[in-house]
Each structure stands twice: as C-alpha cells, then as structure tokens.
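Each remark here refers to the structure printed beneath this line.
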Amino acid sequence: MRLTRRGWVAVAVVLAAAAMSWRFGPRALNAVVVPLLVVLLAGTVVVARAERPRVTRRPLAEGFIGEERTVSVAIETDGAVAATVSDTVGDGLSAITAPHAEMTLDGEATFAYDLRLEARGRHRVGPLSIVVSDVVGLVERRFEYEETATVLVYPRVRALDGGPAVDRRTLASVADRRTREEFDHLRTYQRGDPMADVHWKSAAKRPDEDLVVTEYADDDAVGAITIAADYPTDREDGVDEMASAAASVATALLEQGATVGLVTPDATQPPGTGRAHHRDLLGLLAVAEPGELPEEERRDADVVVRTESTGTTITVDGREIPFDRLFGTDRSDRMGDDGPVDPDPGNRSGVSV
C-alpha cells in the first residue's frame with residue numbers, strides 16, 4: 001500500500017497548512033488540515049481492508065495471423081472498490097483496444113479488450129495487475145497475478161492454385177497414389193476391375209477358370225502421404241516460411257482427400273484426415289523450430305519442404321518446385337473461423353475463406 005501522487009500532494013498541503021497554523025492561528029488548521037487528514041485516514045482504512053480480487057481468465061482460441069481475439073477476465077470482489085486493471089500483451093500479438101481500464105469492482109465484473117494475432121507461434125497474454133484505490137485516489141494498493149493465457153497462432157496458409165499447371169499437377173499427383181502393400185485375398189475378376197490387379201500367376205496355373213484379382217486391405221483408400229519439412233540452420237528468420245510452405249502443402253493435399261502425416265526436426269504427426277487432424281498439423285507447424293532432418297527421413301518422405309538461404313522448395317518425385325511459384329501473384333492467406341479444410345475429406349468442392 002502506498003500514497004498516490006495525489007496523496008503526496010495532499011500530505012504536502014497538510015504539512016503546509018500545519019506550518020501556516022503556527023503563524024495565523026489554529027483556524028487554518030481546522031479548515032484545511034482536518035478534512036484532508038480525515039480523507040487520508042479513511043482512504044487508508046478502505047484500501048487496507050480491501051481483499052485481494054479473485055480473477056479467472058477465459059481461454060483464447062487458436063487462430064491464423066491477422067485474426068482478432070477478445071481477452072476476457074472475470075474479476076470478483078466482496079465489496080465495491082475503485083480499481084485500475086492492466087494486462088500485458090506478449091510478443092506476436094498487438095492490442096486493438098487498450099489493455100487497461102479504470103473501473104469500479106463490485107461483486108462480479110468483466111475486464112475485456114481486443115487483440116490481433118500478428119505472428120506464428122504460441123504467445124502469452126498476461127500477467128495481470130489490479131491497483132485498488134480509495135474513491136478520492138489518495139491511497140492505492142497493487143495486486144499482481146501470475147496467471148497467464150496462451151494463444152496458438154497458425155502459420156500462413158497459401159492457396160496453391162496460382163502457379164503453372166505442370167506444378168499443380170505434380171503436387172496433386174501425390175494425393176492420387178494408392179497404397180498397395182497390404183494383401184488381403186484373391187477374388188473373381190469382375191467387369192471394370194483394373195487389369196493391373198489381375199493375379200497372372202494364378203491365371204497361368206488355371207487357364208480354364210475365370211481370372212482372379214488381388215484385393216488389398218486398403219484398396220479403396222488414398223495412400224498415406226508423409227511431408228518432411230526442415231530449415232537447416234540455427235537462424236530464426238526463415239522458419240516461418242518453411243512452416244507456411246508445409247502448412248499450405250498439407251492443406252492442399254487434405255482438401256483432395258489424402259491421408260497426410262508430417263515430420264519436422266522437433267516433432268512428428270502420424271498420418272490422418274479431417275479437420276481435427278488438420279488443426280494438429282497446423283499446431284505442430286505453429287511452434288516448429290529451425291533444424292535439419294536426417295537424409296533418410298527426407299528420402300522416405302513423399303513430399304519434402306526445405307527452406308534455405310536461396311528460398312523454399314517443394315520436392316515431389318525428385319522434381320523441385322519453388323514455393324512462391326506455386327501460389328503465383330496471389331499472396332493472400334486462406335483462413336476462416338472454421339479453418340481452411342472441410343471436415344469431410346470426401347468433399348472436394350473447395351473451402352470457404
């Protein structure tokens with residue numbers, strides 16, 4: 001508890017009035033000093049008796065760069081008290097409205113302000129401080145709160161439909177691959193079955209019988225695709241572009257119904273589909289760090305995303321495609337309240353942005 005600037009002025013006035021009373025008589029003391037002393041004493045008692053307000057932060061939803069979020073803190077007190085509430089906005093975020101306010105706390109109150117998501121990563125909001133004062137503002141008491149909230153900001157997701165057609169076809173061809181490694185059983189050939197599925201060894205042994213085809217356990221499913229993404233340096237200046245490229249490729253493949261997994265130098269996400277899995281991929285890339293993957297992991301991947309000093313490339317089947325060529329001149333982000341991928345992987349109609 002301490003005096004405010006206004007409180008020190010009041011003390012100075014009291015001392016000056018007391019000094020003047022020695023020269024001009026006690027009437028000056030009664031007219032000025034006594035009321036100020038009463039106000040100072042009352043303010044000190046009120047602030048000293050004020051209990052620590054109870055605060056509860058509401059969680060912040062993850063989002064994309066450029067989106068806005070409302071920070072909301074519930075504050076509960078046992079009585080009415082004047083207060084100044086101030087919050088701390090961490091790096092990677094910017095306050096749209098002031099993160100501080102003068103308000104009267106009485107029972108339950110809500111302190112809120114808006115901020116903008118500015119950069120990829122996991123960013124902190126808080127800590128919070130509440131300065132309680134008397135009505136006149138002579139005495140104050142500060143309460144500090146260590147509790148913070150975090151908000152996850154996804155990397156930029158580009159629309160990869162602005163580059164040359166050959167580049168788009170090369171990337172799209174990955175989603176059309178089928179995994180044919182798990183044999184299930186043989187069955188009789190039916191009209192429309194691919195000739196590549198005919199089991200010719202069995203046909204040669206039984207020339208007078210119907211042809212048979214090989215049935216695979218996952219014959220109707222699009223094969224799992226692994227994206228390997230790295231940034232082989234200790235510098236931080238290019239990891240955002242690597243994360244954006246990997247997020248854009250993963251989004252494009254998921255939209256085509258592919259099963260997509262991701263490998264980075266510091267984390268791995270197994271293959272999957274759907275909106276929840278897409279969020280997991282974006283969340284992994286939101287906190288990706290610089291580093292280099294082992295050569296074996298890059299070789300085994302279906303798509304390799306690599307950022308170097310010369311730029312970012314997407315490698316598919318040994319063919320390198322510059323990332324910035326894939327989205328052409330359209331540098332807008334693909335994002336929305338529901339994210340850029342439809343939860344139904346069978347829906348190929350596109351996305352709402």
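The values are calculated or read from the model by the stated rules, or taken from the named source; none is laboratory data. All values derive from a computational prediction rather than experimental measurement. A quick note on method: Cβ atoms are made from the backbone with ideal geometry, for glycine too, and the neighbour counts reach across all protein chains shown. In case anyone asks, the SASA skips ligands and DNA or RNA and just uses the protein heavy atoms, side chains included. Shrake-Rupley method; radii C 1.70, N 1.55, O 1.52, S 1.80 Å.
Data overview
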{"item": "Which numbered condition G318 misses (of (1) at pLDDT below 90; (2) surrounded by 14 or more Cβ atoms within 10 Å (Cβ to Cβ))", "result": "(2)"}
{"item": "Subset tally (residues that are open to solvent by less than 30 Å² (accessible area, probe 1.4 Å), of a type in the set (A, V, I, L, M) and free of Cβ contacts under 8 Å to residues at least 60 places away in the same chain) for the stretch 96-153", "result": "5"}
{"item": "Test: residue in the stretch 279-286 that is among the basic types (K, R), closer than 21 Å to F64 by Cα and open to solvent by 10 Å² or more (accessible area, probe 1.4 Å)", "result": "yes"}
{"item": "Any hit, the stretch 29-42, residues being surrounded by 16 or more Cβ atoms within 10 Å (Cβ to Cβ), out of contact with any strand residue (DSSP E or B) (no Cβ under 6 Å at 6 or more places or on another chain) and at pLDDT below 65", "result": "yes"}
{"item": "The stretch 75-90, subset open to solvent by less than 30 Å² (accessible area, probe 1.4 Å) and aliphatic (A, V, I, L, M), residue farthest from L284 (Cα to Cα)", "result": "V81"}
{"item": "Residue that is nearest to E62 (Cα to Cα), among those in the stretch 260-298 that are touching a strand residue (DSSP E or B) at 6+ places or on another chain (Cβ under 9 Å) and basic (K, R)", "result": "R279"}
{"item": "Residue list for the stretch 113-169, restricted to those being β-branched (V, I, T) and not in a strand (DSSP E or B)", "result": "V135, V136, T148, V157, V166"}
{"item": "Every residue from the stretch 312-321 that is of a type outside the set (D, E, K, R) and touching a residue at least 24 places away in the same chain (Cβ under 8 Å)", "result": "T312, I314, V316, I321"}
{"item": "Hits in the stretch 50-108 - residues which are touching a Ser or Thr at 6+ places or on another chain (Cβ under 6 Å) and among the acidic types (D, E)", "result": "E102"}
